[in-house]
Amino acid sequence: MVKISKIYIPKESEKYMSEKHKVYFRNKLLEWKKDLVRTNNEALYNNSLDDNSTSADIVDQASSYTEKNVEMRAINRQIKLISKIDAALNRIKNGTYGFCEETAEPIGLKRLMARPVATLCIAAQEKHEKDEKVYADN
């Protein structure tokens, strides 16, 4: 496996999805996943300690319930993101990472650096969003 420095940033002048690029994105995805798992564990631990549901005040109970609901939705979103990260890591392994699932065209370094779990190139993403909007309007 290729070694890269901590400050390495993929360049357009390098071969697209070279070993250096793959190592860079793999490290970026693994770091992101580690942060999400730690944040989720802390949230779940703090959530189990901070229990206002036994409070006699109905307003406190309702407030606590609302806060827990918001926290759990955030945790669920992060869990979905973790599964997208795992899917991206699998695409790095099988050599399909960085290429659009619909067109097989390169997604592009700038897009992947902004959204490492992207599976569509900009053109396919825009078409997808436009189609979603058309169906949502029906």
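Residues that are in a loop (DSSP other than H, G, I, E, B) and of a type outside the set (Ser, Thr, Tyr) were ranked within region 14-37; the one that is surrounded by the fewest Cβ atoms within 10 Å (Cβ to Cβ) is Lys15. Residues being assigned by TED's automatic domain parsing to the domain that holds Leu30, surrounded by 15 or more Cβ atoms within 10 Å (Cβ to Cβ) and under 10 Å from the mean Cα position of the chain (by Cα): count how many of those fall in region 83-118. The number of residues fulfilling the criteria is 3.
The values are calculated or read from the model by the stated rules, or taken from the named source; none is laboratory data. A quick note: this is a predicted structure, and the numbers were derived from the prediction, not measured. Positions of Cβ are backbone-derived with ideal geometry, glycine not excepted, and every protein chain shown enters the neighbour counts.
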